[in-house]
Each structure stands twice: as structure tokens, then as C-alpha cells.
Amino acid sequence: MNYFKKIIRYALPYKKFGYLNILFNVLYALFSTISFLVLMPLLEVIFKPNKAPITQKPTFESITKLIDYFKDSMGYYIHTVAGEDKSKALIIVVSLVIVTFFFKNIFNYLAMYFITFLRNGVLKDIRNDLYKKTVELPISYFSEKRKGDIMARIGTDVLEIQHSFLSVLEMLVREPLTIIFTLTAMIMISPELTLFVFIFIPISGYLISLVGKSLKKQSDNVQKEQGYFLSLLEETLGGLKIIKAFNAERNFNTSFQKSTTRFYHFSNKLLNRTNLASPTSEFLGIGVIAVLLWYGGNLVLVDQSLDGEAFIAYMGLAYNILTPAKAISKASYNIKKGNAAAERVLEILETENPLKNLENAIIKDGFDKEIKFENVSFKYEDDYVLKNFSLTIPKGKTVALVGQSGSGKSTIANLITRFYDVNKGRITIDGIDIKTLTKKSLRAQLGMVTQDAILFHDTVANNIAFGKEVTEKEIVNAAEIANAHEFIIELPQQYSTNIGDSGNKLSGGQKQRLSIARAVLKNPPIMILDEATSALDTESEKLVQDALEKMMQNRTSIVIAHRLSTIQKANTIVVMKKGEIVEQGNHQELLAKKGTYYTLVTMQSL
């Protein structure tokens, strides 16, 4: 119920639809009971054709005789309209039955009509919040989670919440009221018979609840496994070239089939347990009906304390309880299933973001002086990848970071953009600790070009503009600076060409030049280039390097590079080893030292 309360708050914006649903559910429950009570005059007309008609309007005596009053009133009004004509009386009663059932179903439809807006509204809002939270959470969160699992939570888990928790909303009013109204009518017809219902229904309810105890665990297994095979599918689509090149199709097929087999077994257990609810509740319900038939038959035939038509109407009412009782038992199963889905969804929604803006965070506009790393230490898990790192980068200068893989170069790019926060020390821009800045204003000062050009399934123009309101001329200018304009105008629809998923219709060099054009258009004062040319061939590298040099003019740049030929013009080259600075200076100075940098250059020259 704790999960249910947390999810139900999403229904508050749609409460007007909830109120309308309640109103029509009350009317449905009322007419559901009346529709069986109007059968009594019909049965009386058929089975007691010689009974004297009621010619005087009956008077209400007490609540215990309400059913007699209702039956006599119906008889009086039917006689008033039909007179002595029995066939006319039969037509009136049949019409009355049809009208009551018609209104019962109209109110049922209207109740479902209004709850639809609430259910789908909640579904939309939970998905929106999940997506927003997914975008807001730090990158470190997703290094521990599978992407497919996140997709499963936004997709199937949210749907499970809609089918389970929100379907309960429909039953909160309708089914209990139907039972209450029906039981009230049954008590008024025969208190003795109804006593049996009160004895057997709790027993039935207890037996049904025993079946559903393990549903949450089974449902949790199903949803986790679904997240796993979606992750596997996402990895397969992303690495299809490598899978084919290494003839690894069989390995991936085996992994996927093992996952779907586990899913198959978990789903079978879950569905079989769920499917047991309906026949169990129906069988137990029929057991109650059988006892009522035996005992009620005695009251009609032996004791003659109950009229035949009242008994038949009573049995209709008793059967009328079975449907809502089954619905309630099914709802209890659904809540158990929904608990597992809600737990997984709420796990994301309630995850604390460690990189939140401070309460009085500063909005910084512009960059004036310098970037400073002051005794910065950082670790992703147990071991520090940066140790007491200190560096000053003056405005307008280019600083290059070089060193072996794992020396901490890319970590510096992750820290200055606040994808992660430092463990010790601080990073300042113009003397202000970046932790005190709003993330939006900090990142507005930064542009980034990474080793993997990250592009989206959209047009060339939209990938360059990237949500920014710009003119076509500005997009073309950015493309020209990035040496991308020439190949773009050769594309089928030029700037309107869709570049495919992750830009797979373009070559590596073309993709990288588009990502540079995007950074040029943003026009930030600080540029971070993380291995921007390492994945390119010589010709593409030359074009991209030329584009980068144009972009870096009059900008403060942090260049992370493996290819040392690309950073020879940097004002300062910082040589790193195991998270520490081992050498610092310009290209000529470091060569003259004949130290680590000299060794790296010599190795690359060879």
C-alpha cells in the first residue's frame, strides 16, 4: 500500500475525472441492484397470473419491509397503466427490465470513459517524470545500470502500474458499492439466507488470498529478466558490426535464448498463479450459490416462508455479488504484481541526485580570467585516478593533456563539466568554485567534442543547431568553419538530409566535423576536445584538425590527445602518469628535457 500511495499522487491533477468516475460508479452499482429487483414483478406476472391486482397505493411502513413496499408499488403502477390486461402488464415489466439494464450499462460505460483520462494521464506523467529524472541523473548512475533495464522500467513497468494499481481505482467504489447495495437488498428479502453469504464470503476471500502471496516475487523476476534481455538487444544493435566480424552471433544468440527461457519460466509461474484466481473465486462462489439453492429451496417449498419470485430474484442478486467479488480478488492479485513494477519505477524517481544545484547557486555569465584545478583528487570507485592535481589555464590559452591510457586525462574533462564532482580539492572558474555555479550556466560556458561523435536520428541542420533557435545562415557558417559544408551540399537533401541512427549514413570524419560544427554554433568561451581526432584516418584527421584549429582561435581550450602531432601548437602541454603531472611546458621545452614526453613522441614517430 506504501507504493500505491506514492503512485496515486499522480492522479491528483486528474481528480475531476476521478469524481465523475465515482458518481457514475455509484449509479451503476445502484442500477445493478435495481435491475434484479424489477425481475420480481415480471416473475409474479408470469407465475401468478391469477393473483389479485393491487388497486390501492401502498404505504411505506419500515425499512425492513422496503422490498415488499417496492414490489407492491411496482404492482400498483403496472395495474394503473395496464389494467386487467396481463399481456400489456408483461410488456410494461419487460420494458422496465430493459430500461434498468440499459441505464446500468450506460453508467458503466461513462464510469470507464472518465477513468480512461485519469489512467492515461497518470501513465503520461509517470513516463515524463521518469524521462526527466533519467536525463537529470549523473552519468555515474548509468555506469552501474543497464540501458535496457532503464528502458524496461519506462516502458513495461509503467504499463504494469497502469494495468494493476490504476485498474484498482475503478473498483474502489464500484465493486464495494455493488456488493453493499446487493447485500442490502438480499437482507431485506431474506435475512436467513444472507447469513450464509456472510459466513462463506470471508472463507472464500481467505482461500483466494493464499493463492496470491508469492505474486510480487514472481512479477519482480519477470520484470528484471525483461530488463536484462532488452539490455542485451540494445547492446546487440549497438555492436552488430563487431558481433558479425568476430563470428559471435552464436554466443549472443545463446545469451539471449537463455534470458528468454528464464523469462518464459518466470512468466508461466506468474500467469498460472494469476489465472488460478478467477476459477478459484468462481468455484467458491458457486459453492455459496449451491448452499443458498439448497437452503432457499427449503424456505420456498417446505417452510413456504419465502415467495418463489423473491427467491429467484434473490439468487440473481447472489450471483450479482460474484462478479464484483471476483474483480476485487483479481485487484488484490494485480496490486501484488503492481508492487514489483512500482518498486522499480520509484527506485529511479526517488534516487537522490548527488550533483544537484546548491540552494543559492550562482548564475555565471561569461568567462574573464582563468580556470584553476586546486589539489584535485578523484576516484570512480576505490582507487584514486587523480591525485593532488593542480593546474592553471589562463583565458585564451590552449592546454594539452597527454599520457598513457588510464592516466586521468578524460577524467579532467568529466570533472570540469561536472559530470562528476571532485572528492578532494576544487575547480574554479574566475575564482568561483564550479560547485557553487548552476549546472546550466557552467555548461553554457563549455563546448565539447568527444572521440565518438554523438549524433541523433535527425537532419544535418537539426544536429548542428541541436535545439538552438538559429538561422540557416548561422548553421551554414558553422559548417564551413568545421570543414563540413562541402560534403553536406553533396548529400541528397543537403542540410535537410536525415543522417540515420547515430549518424550511421556518414563516415567517421564527416560525423566528427558535424559535431565540431555543433560546438562552433554554440560559440562557448571554453572548449574541451577529448581525443577528437584519434579515431580518424589521416585525410579525415587533417580536415578535422584544420576545423579544430579554426574553432579554437581566441578560445580557452583543453585538448586531450593521444596523437601528439595534433597538440604541438598548444601553449602548455601537461604530461600525466597515474593521475599525476610528471612534466609541463611547450613542445620544444619538453623535447629538450628528453623525459616522458620525448619518449612518447619518439615512440609515435617510429
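The values are calculated or read from the model by the stated rules, or taken from the named source; none is laboratory data. What you see is a predicted model, and the numbers here were worked out from it, not measured in a lab. All Cβ positions, even for glycine, are placed from backbone atoms using ideal geometry, and neighbour counts span all protein chains on display.
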Self-check item: Hey, SER557 assigned to a strand (DSSP E or B), of a type in the set (Gly, Ala, Ser) and modelled with pLDDT of 75 or more or not
Solution: yes
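Can you confirm whether GLN545 is part of a helix (DSSP H, G or I) and at pLDDT below 80?
The answer is yes for GLN545.
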Quiz item: Counting only residues that are touching a residue at least 60 places away in the same chain (Cβ under 8 Å) and part of a strand (DSSP E or B), which one in region 392-425 is farthest from LEU590 (Cα to Cα)?
Solution: PRO394
Exercise. Go through region 378-427 residue by residue and tally those that are within 19 Å of ARG443 (Cα to Cα), under 42 Å from the mean Cα position of the chain (by Cα) and among the polar types (S, T, N, Q).
Key: 4
Quiz item: Of all residues in region 359-391, which are more than 16 Å from LYS578 (Cα to Cα), surrounded by 18 or more Cβ atoms within 10 Å (Cβ to Cβ) and without any contact (Cβ under 8 Å) to a residue 60 or more places away in the chain?
Solution: LYS372, PHE373
Exercise. Among what's in region 457-512 and is aromatic (Phe, Trp, Tyr) and out of contact with any Lys or Arg (no Cβ under 7 Å at 6 or more places or on another chain), pick the residue that is surrounded by the most Cβ atoms within 10 Å (Cβ to Cβ).
Key: TYR495
Quiz item: Conditions: (1) in a loop (DSSP other than H, G, I, E, B); (2) touching a strand residue (DSSP E or B) at 6+ places or on another chain (Cβ under 7 Å); (3) modelled with pLDDT of 80 or more. LEU491 meets all but one. Number of the miss?
Solution: (2)
